[in-house]
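Report on the following structure.
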């Protein structure tokens, strides 16, 4: 790709001991969808840094994060070089040439053992494991920064929970306490703590205490219609929010969709449901086909990924579930509608309410949403008493019990 980026000067960039690494980097920036001018600047700065530090292609690989930071240190005050350093990290990670060096901690062995416990014995998903370890790391850094784990007492646990509660709502704090309980129970079983510290009070939450999250369906349609389709970003954002509103998909489920998820011949959309670990088969109607086809006609032609929805800014690549949170917030703000205090989950709630209003049973709604229990589904349908009465199951028995004369 050096010949494409630098038609006249490419021999200059390919020369020297760092030439193979520069050529590999130039191919990566083009492959990842950087514009030509942006790719040229990144390659130029990358070669300059390698040459300044006398880096040879074969003798200095793999590259550690410490070494890379040291190479870019003379230009650390320049924003453009910091951007090239971030691009270099992504490039080296993709090529398997990067070794991140984390700050050593005396609890590394304990955290590694607990990670294995969560994965091998409890069978937790990778994302859930990281949530647990994030809580555990925070607890150890605060409660055991200058002492052994065996010296931790109940008041240390209470102090951590009190400090954490100041920045979290009660619902989120419940998850944090659950993570902490599991870890302290593990420590007690392994005899790492002297006392049993996993008996922690959890904050009280009440079913139905929060207002319904479902939006009026007219508001949902106005939100979708407010998105400009003249750009790639607009087509992508409209398709994402459309699938969440009309199919009730979670952000993680939308982000995991691939080109193979769409069966055009049989008009089928296959969705990997992240929580139930099952595949949901949904029909594709003409309108959904039109929405997806409009986006795919303008989708960046990235060959190294089969993900359906991609970033529109370089480096090109698949979006993540967190990206959809930002997409929804942006489109809600630009729409001018009274939806600023809502989230992508509101579209999923609106989908459930719309089905209920059309007479679909609660069990069927739960299956479409990927719920294991009806209790989870009822959270989506709370406070809609009249609609729930219309889809109630018949009471067993043929006759009615007369209350006349009852005392």
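This table checks each residue for (1) more than 21 Å from residue 317 (Cβ to Cβ); (2) in a loop (DSSP other than H, G, I, E, B); (3) not assigned by TED's automatic domain parsing to the domain that holds residue 312.
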{"site": "7", "(1), (2), (3)": "yes, yes, yes"}
{"site": "21", "(1), (2), (3)": "yes, no, yes"}
{"site": "27", "(1), (2), (3)": "no, no, yes"}
{"site": "48", "(1), (2), (3)": "yes, no, yes"}
{"site": "66", "(1), (2), (3)": "yes, no, yes"}
{"site": "82", "(1), (2), (3)": "no, no, yes"}
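Could you please find all residues in segment 356-366 being touching a helix residue (DSSP H, G or I) at 6+ places or on another chain (Cβ under 8 Å) and touching a residue at least 24 places away in the same chain (Cβ under 8 Å)? Lay out the reasoning, then the answer.
Quick first cut of segment 356-366, residues touching a helix residue (DSSP H, G or I) at 6+ places or on another chain (Cβ under 8 Å) only: 356-357, 359, 362-366.
Answer for segment 356-366, where residues must be touching a helix residue (DSSP H, G or I) at 6+ places or on another chain (Cβ under 8 Å) and touching a residue at least 24 places away in the same chain (Cβ under 8 Å): 356, 357, 359, 362.
Please state which of the following conditions residue 150 fails to meet, knowing it meets all the rest: (1) closer than 20 Å to residue 112 by Cα; (2) touching a helix residue (DSSP H, G or I) at 6+ places or on another chain (Cβ under 6 Å).
The failed condition is (2).
For segment 159-186, which positions are over 30 Å from residue 378 (Cβ atoms) and either in contact (Cβ under 8 Å) with a residue 40 or more places away in the chain or not assigned by TED's automatic domain parsing to the domain that holds residue 130 (or both)?
Those that are over 30 Å from residue 378 (Cβ atoms) and either in contact (Cβ under 8 Å) with a residue 40 or more places away in the chain or not assigned by TED's automatic domain parsing to the domain that holds residue 130 (or both): 183, 186.
Here is a list: 370, 345, 366, 359. Which entry is more than 22 Å from residue 270 (Cα to Cα) and assigned by TED's automatic domain parsing to the domain that holds residue 289?
On the way: 370 fails: more than 22 Å from residue 270 (Cα to Cα); 345 fails: more than 22 Å from residue 270 (Cα to Cα); 366 fails: more than 22 Å from residue 270 (Cα to Cα).
Result: 359 is the single residue among 370, 345, 366, 359 that is more than 22 Å from residue 270 (Cα to Cα) and assigned by TED's automatic domain parsing to the domain that holds residue 289.
This table checks each residue for (1) at pLDDT below 90; (2) in the same structural domain as residue 301 (by TED's automatic domain parsing); (3) within 20 Å of residue 338 (Cα to Cα).
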| site | (1), (2), (3) |
| --- | --- |
| 205 | yes, no, no |
| 212 | yes, no, yes |
| 231 | no, yes, no |
| 235 | no, yes, no |
| 244 | no, yes, yes |
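Residue under question is residue 101, and the condition is that it be touching a helix residue (DSSP H, G or I) at 6+ places or on another chain (Cβ under 7 Å), at pLDDT below 85 and farther than 25 Å from residue 33 by Cα; does it hold? Don't jump to the end; show me each part of the working.
Details: touching a helix residue (DSSP H, G or I) at 6+ places or on another chain (Cβ under 7 Å): yes; at pLDDT below 85: yes; farther than 25 Å from residue 33 by Cα: yes.
When the stated conditions are applied, residue 101 passes them.
Can you name the residue in segment 367-389 that is assigned to a helix (DSSP H, G or I), in contact with a helix residue (DSSP H, G or I) (Cβ under 8 Å, 6 or more places away or on another chain) and under 16 Å from residue 213 (Cβ atoms) and is also modelled with the lowest pLDDT among such residues?
At the first step, the residues of segment 367-389 found to be assigned to a helix (DSSP H, G or I) are 367-369, 374-380, 385-389.
Still in the running and in contact with a helix residue (DSSP H, G or I) (Cβ under 8 Å, 6 or more places away or on another chain): 368-369, 374, 376-378, 380, 387-388.
The next check asks that each one be under 16 Å from residue 213 (Cβ atoms); those that pass are 369, 376-378, 380, 387.
Details: 369: 83, 376: 70, 377: 73, 378: 70, 380: 66, 387: 53.
My answer is 387.
Can you name the number of the only condition in (1) surrounded by 14 or more Cβ atoms within 10 Å (Cβ to Cβ); (2) modelled with pLDDT of 90 or more; (3) touching a helix residue (DSSP H, G or I) at 6+ places or on another chain (Cβ under 9 Å) that residue 258 fails?
Among (1) surrounded by 14 or more Cβ atoms within 10 Å (Cβ to Cβ); (2) modelled with pLDDT of 90 or more; (3) touching a helix residue (DSSP H, G or I) at 6+ places or on another chain (Cβ under 9 Å), residue 258 violates only (3).
Just name the residue that is surrounded by the fewest Cβ atoms within 10 Å (Cβ to Cβ) out of those in segment 299-337 that are farther than 18 Å from residue 251 by Cβ and modelled with pLDDT of 90 or more.
336
Residue under question is residue 270, and the condition is that it be closer than 24 Å to residue 326 by Cα, assigned by TED's automatic domain parsing to the domain that holds residue 292 and either modelled with pLDDT of 90 or more or surrounded by 12 or more Cβ atoms within 10 Å (Cβ to Cβ) (or both); does it hold? Quick ask: steps written out before the conclusion?
Numbers: closer than 24 Å to residue 326 by Cα: no; assigned by TED's automatic domain parsing to the domain that holds residue 292: yes; either modelled with pLDDT of 90 or more or surrounded by 12 or more Cβ atoms within 10 Å (Cβ to Cβ) (or both): yes.
No.
Tell me, which residue of segment 136-158 that is surrounded by 15 or more Cβ atoms within 10 Å (Cβ to Cβ) and without any contact (Cβ under 8 Å) to a residue 40 or more places away in the chain is farthest from residue 204 (Cα to Cα)? If you could, list the steps in order and put the result at the bottom.
The initial filter retains those residues of segment 136-158 that are surrounded by 15 or more Cβ atoms within 10 Å (Cβ to Cβ), namely 136, 138-140, 143-144, 149, 152, 156-157.
Retained after the next criterion (residues that are without any contact (Cβ under 8 Å) to a residue 40 or more places away in the chain): 138, 140, 143-144, 156.
On the way: 138: 23, 140: 25, 143: 25, 144: 28, 156: 22 Å.
Among those residues, the one meeting the criterion is 144.
Tell me the residue from 350, 346 that is touching a helix residue (DSSP H, G or I) at 6+ places or on another chain (Cβ under 6 Å), at pLDDT 90 or above and over 30 Å from residue 29 (Cβ atoms), please. So that I can check it myself, show each step before the final result.
Values: 346 fails: touching a helix residue (DSSP H, G or I) at 6+ places or on another chain (Cβ under 6 Å).
Testing whether each residue is touching a helix residue (DSSP H, G or I) at 6+ places or on another chain (Cβ under 6 Å), at pLDDT 90 or above and over 30 Å from residue 29 (Cβ atoms) leaves just 350.
Only residues that are surrounded by 12 or more Cβ atoms within 10 Å (Cβ to Cβ) and over 24 Å from residue 24 (Cβ atoms): list them for segment 70-120, please.
105, 107, 110, 111, 113, 114, 115, 117, 118, 119
The values are calculated or read from the model by the stated rules, or taken from the named source; none is laboratory data. The structure presented is a predicted model; accordingly, all values stated were derived computationally and were not measured. Here the Cβ is made from the backbone with ideal geometry for all residues, glycine too, and neighbour counts use every protein chain on show.
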